[in-house]
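Each reported figure results from applying straightforward, stated rules to the coordinates on display, with no laboratory input. Just so you know, these numbers come straight off a predicted model, no measurement behind them. Heads up, the Cβs are rebuilt from the backbone with ideal geometry, glycines too, and the neighbour counts pull from every protein chain shown.
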Amino acid sequence: MQLFYSPTSPYARKCRALIIEKSLESKIELVEVSPLDDPAALHAANPLGKVPALIRKSGPALINSPLICEFIDTLNDDRWIPANGESRILVLRQQAVADGLMDLTIGRRIEKNRDAKLQYPLWVERWERGIARTLEQLDRERGQFERSVDHGALSIAVALSYLDLRYAELDWRSAHPELGAFLERWEQRDSIRLTAPPTSA
Ligand SMILES: N[C@@H](CCC(=O)N[C@@H](CS)C(=O)NCC(=O)O)C(=O)O
């Protein structure tokens, strides 16, 4: 199998980190691509032109990181997403919050990277408020995930780490030191350490 990824994509990083946690490196080859270069192989796997995308041994390619992570999790018995019940819903909810935080962080960055004349402050401010609210909620709810070692906690760690890459000036640790301590614990795991984006990105 092949996972198309880019080194800075937090969605792809969730998949890459899960592969490491589940010791599946020998089963899934990582193929680095730059989605903005429109590589034909990526488009064949994912017409949306986005990473991650997973080409399987049989069956259609999978797109969208939550689906890809669900599939990866079925590849052995070391389950990172509970099979059913409220614990499953909570892990998937944590992943959804983490993915949403990535969406807001990326939206803000794209807007901020535009030519100054073309930037639309309304969107930047809206996304910044959404990021702040989401951090507050994560802090309120951290008892549900801060000591967990599962896909929900992994997803939140990746989303917080992405804030450091793309919105470093926020200094979110000052207002949320316990979330900072949570990320620090995850940064000691190989899954997060080995998938860190390049510092020059
Ligand atoms: N919901 C998707 C989001 C994927 C996504 O937006 N990937 C970005 C990289 S971080 C991408 O490939 N962007 C290229 C483009 O939009 O053309 C997922 O969870 O996989």
Helical contribution to [θ] at 222 nm, DSSP H n ≥ 4, -39,500 (n - 2.57), averaged over the chain, rounded to 500:
-17500 deg cm²/dmol
At 0.692 mPa s and 37 °C, Stokes D of the range 100-173 from Kirkwood alpha-carbon radius, µm² per second:
250 µm²/s
In vacuo Debye sum over C-alpha of the chain, base-10 log of normalised intensity I(q)/I(0) at q = 0.12, 0.19 Å⁻¹, listed in q order, is -0.61, -1.44
So, counting K/R as plus one and D/E as minus one, what does the shell of residues with Cβ under 13 Å around GLY180 add up to?
-4
Identify all aspartates and glutamates with a Cα-Cα distance to LYS50 below 16 Å; exclude those on the same chain that are fewer than 8 residues away in sequence.
GLU32, ASP37, ASP38, ASP99, ASP103
To make sure I understand the rule: partners must be lysines, Cα under 19 Å from the Cα of LYS22, and not fewer than 8 residues away in the same chain. Which ones qualify?
LYS14, LYS57
Cβ crowding within 10 Å averaged over residues, with 54-64, 85-95 ranked highest first
85-95, 54-64
Dimensions in Å of the range 47-148 - Rg and Dmax from alpha carbons:
17.3, 53
